[in-house]
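Everything below concerns the one structure shown next.
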Amino acid sequence: MQTLPTMPPPSKIGSHAVPFEVDTPAGPFVSTSFAGKPYLLEIFATWCPHCQRETQILRVIRTKIPPSKLMMLSVSGSPFGAASTAGTNVPESQADVDAFDKEYGVTWVALYDANLTVARLWGMVGFPTIYIVDKNGVIRYEGQGDQDAPTLLKGLANAGVH
């Protein structure tokens, strides 16, 4: 697989969340739809074993905190799809994200971001990158790689989510 494009460093805890828009088959998805609500944003790659494992942790979070208290969103952040191999890159697609959702039991919104808009605006250094944003739009948690449930629950508590 080729090298991933360079992304800016992750957004800082305490900074305001950068608004974004992602084109989807159902029309544009805009982050301002989360205004006044806390949310968890995951930037992931369908080929990433860490992201695949992280879905289990995010399912645990979802069972502990209902959608009425926490919005959850996963957005693709790699130009390379799950079928890529060393030396052969296959572009990421909506079908890859849909297959990932089905295989790993994703029950929250997951978007294919063809332009990597969210990754470029929010920044990241590895997959998955997870942000937790409070109801005022302030980033209260940021982490990369495998995150365990207690760590994310602590980040959610820091964002006022219980």
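Normalising by residue count, segment 21-158 has a Cα convex hull of 104 Å³ per residue. At full extension, Val138 and Lys102 could sit 9.8 nm farther apart than now, given 0.36 nm per residue minus the alpha carbon distance. Distance between the 7 Å Cα→Cβ label points at Ala86 and Gln56: 2.6 nm. Here, segment 32-95 yields an orientationally averaged convex hull projection of 5.2 nm² when only Cα atoms define the hull. Annotation: amide H-H contacts under 5 Å for Val138 (H modelled 1.01 Å from N, sequence separation of 5 or more, or interchain): Ala17.
When only the Cβ of Lys, Arg, Asp and Glu is charged (+1, +1, -1, -1), the dipole of segment 21-158 relative to its Cα centre reaches about 600 debye.
Between Thr24, Thr55, Thr88, the Gaussian network model of the chain with springs among Cα atoms under 10 angstrom shows the greatest mean-square fluctuation at Thr88. When Lys and Arg each count +1 and Asp and Glu each count -1, what net charge do the other residues less than 13 Å away from Val133, Cβ to Cβ, add up to? Charge balance near Val133 sits at +1. Computed packing ranks the peptides 119-126, 40-47 as 40-47, 119-126, most packed first, by mean other Cβ atoms within 10 Å. Extending 7 Å from the Cα toward the beta-carbon at both Ser68 and Val30 defines two label points whose distance is 2.7 nm.
Of all complete DSSP H helices in the chain, those with a Cα span along the helix axis of 20 Å or greater and a mean Kyte-Doolittle hydropathy of -1.0 or more are 49-64.
Rule-based calculations on the coordinates, nothing more; no lab input. These numbers were taken from a predicted model, which means no experiment stands behind them. Heads up, the Cβs are rebuilt from the backbone with ideal geometry, glycines too, and the neighbour counts pull from every protein chain shown.
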